[in-house]
1. Determine which lysines satisfy two conditions relative to K274: a Cα distance under 18 Å, and not lying fewer than 8 residues away in the same chain.
2. How far is it, in nm, from the label point at T3 to the one at K274 when both lie 7 Å from their Cα along the line to the Cβ?
3. Let me check against my output: what whole-number percent is the relative contact order of the stretch 2-60, with C-alpha pairs under 8 Å and at least 6 apart?
Amino acid sequence: MITAASQLPEIWERMPKFIASTAQSPAARRLALYLLHAIYIMGPQLGNRNSFSNPIFLDELFGSLYSTIEHSSSRPILFDQDRLTCAIFIALLAGCHLAFTVSSSEPDPLRLRPQRANLLLGYISDVMQRNRYTLSSILPIETLDFPQFILLKWGNVIAWAWSVWADPNLYDAELIVHMTITWMYHIDKDASLGISECLEYNLKQDVASAKIAFLHVLQHIAVSLCRLHDGGITMSSVLMIILSRSCSTILFLSKWDAQRHIEAEDNWTIDLGKCMLLLSCVLCESEAELDGESAISPFNTLSHSNNQ
């Protein structure tokens, strides 16, 4: 650690180029990455001022992070066998991307090529320990380890992921559904069915992408519940929590659009209707019928308001 620290630049403004320099040792670059994460991701979340207020530094940092994956055909040595560094890198890239999007006139400054997007999904998969969990499962990871905690609870990774992987047909996009389910379970673990401040903040980062993301979550739950029902497997309380919060989130997003006089896209509305019909059929036949009716009760309210 002391050796790595001795290699850090003396001037803070040189940090972005330092983490992208292959001339520096991986240990020193990782330490620089940790420091940047502490200042620009953890700092604002702990109540400090917006650290991305310097547009020149933001541009250089975003460029350095982007070049780290853009010029690599495989996992950079910076992340070699280190899930924590992967999590910190993704959180920092997500924070920079969202901040850069706000300050840029370009619609999407990231513009990842498919191979690079898949590379990032690989990092997320490593952090979420994909090999230990079945992604077809609709249950969250109930106990997070430290890298997963960094990825899901520090920064705006989840809102960023909804925007980058909004297309469910992309390779491995189901990973984002599983990550969303786990994030939703932990971010509001002690909350009621209402929308917490943290959840609302992330939803409003990109409402259109959030609506697509939670539609994918509900579709994933509906299809998986059909398989569970066919296999004679009853639903767990954890699953009912996820279903309830997903329904409440969709309701919140629909009301938010209505308040801004934005009409939902026809395809989204049709897909949501099909999903809710499938969920209603499965839940009504399950042993958890009462819990199921409670879980989708937000949509009873939504349907009633739409018919008035």
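Values in this text are rule-based calculations from the coordinates and carry no lab data. Since this is a predicted model, take the numbers as computed values, not measurements. Here the Cβ positions follow ideal geometry from the backbone for every residue, glycine too, while neighbour counts run over all protein chains shown.
1. Partners within reach: K211.
2. 5.8
3. Details: 37 pairs, mean separation 17.2, N = 59.
Over the stretch 2-60, the number comes to 29 percent.
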